[in-house]
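We did not get these values from a lab; they are worked out from the coordinates using the rules stated. The structure displayed is predicted, hence computed values, not measured ones. Counting neighbours? That spans all protein chains shown, and the Cβs are built from the backbone with ideal geometry, glycine included.
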Amino acid sequence: MKKLSACIHLVVLTVAVLLSLSVAANAQGTRFAWVIASSASALAVNGAKITLTGSGTFILGQPEKVTGGGTWQVVASNGTTITGHGTYVVTDLVRFELAPGAVSDPTIHAGLAQLRVRFSDGSGGILTVSCNLPGSSARIAEGISASKESVDYFNIVADVAFFKSLD
């Protein structure tokens, strides 16, 4: 009985891996929009908070084919002192992973994108946009995290972000 259960588990795992590879292969060349629905925030280890707005597009397999950007603001850990603000532009797609999950609109997707950005103060960083939809793993976050130079704003304050296939 244990051998049968192990075989079934192996077959299910193999099918899941093949389906995910098929989805990823079929997605190459697909144009996606990334959207921060209103504004989204994340906290650094010292409690400083970065808040971003924005949207744009990218094409899978063509990391330099990106558009978009938005606004940013950093507030110190005291919760009131603004230590920087401005705009940012996306310069390239670092990676994108589709994830399971669905809503009634079949063009909306769960996943995780990492986008290289350039802030208006001349600094660089990575914006991570993450979307968790019904049916997604509980391990998938909803919102954004970001780095700005050497500061990592990793503690996501749950906000709405999503991906939309445009092709």
Discussion item. Rounded, prolate or oblate, given the Cα gyration tensor of the stretch 108-167, with a/c below 1.5 counting as rounded?
Written reply: oblate
Discussion item. Once you keep just the Cα pairs under 8 angstrom separated by 6 or more residues, what percentage relative contact order results for the stretch 30-165?
Written reply: 26 percent
Worksheet, complete the sentence: If every Lys and Arg gets +1 and every Asp and Glu gets -1 at its Cβ, then about the Cα centre the stretch 30-165 yields a dipole, in debye to the nearest 20, of 120 debye
Worksheet, complete the sentence: Residues meeting the amide H criterion for Thr30 (H placed from the backbone, H to H distance under 5 Å, 5 or more places apart or on another chain) are Leu60
Response to the item:
Rounded to one decimal in nm, the spacing of the 7 Å Cα→Cβ label points at Gln62 and Glu97 is 2.5 nm
Discussion item. Apply the a/c threshold of 1.5 to the C-alpha gyration tensor of the stretch 30-165 and tell me whether it is rounded, prolate or oblate.
Written reply: oblate
Fill in: Hz values of 3J(HN,Hα) by residue in the stretch 57-63 - Karplus curve (6.51, -1.76, 1.60), Gly and Pro given as x
9, 8, 10, 4, x, 9, x
Discussion item. Which residues does the label zone of Arg116 cover in the stretch 141-155, counting backbone N under 16 Å from a point 7 Å along Cα→Cβ?
Written reply: 147-150
Discussion item. Using the Karplus curve 6.51 cos²θ - 1.76 cosθ + 1.60 with θ = phi - 60°, what ³J(HN,Hα) values do you get for each residue of the stretch 112-119, in whole Hz, with x for Gly and Pro?
Written reply: 9, 10, 10, 10, 7, 10, 10, 7
Worksheet item: Cα centroid distance between the stretch 55-74 and the stretch 27-46, in Å?
Response: 9 Å
Response to the item:
Filtered hits (aspartates and glutamates, Cα-Cα < 15 Å from Lys49, offset >= 8 within chain) -> Glu149, Asp152, Asp159
Practice prompt. Mind listing the long-range amide H neighbours of Ser77? Cut-off is under 5 Å, sequence gap 5 or more, other chains count too, H placed in the peptide plane at 1.01 Å from N.
Written response: Ala48
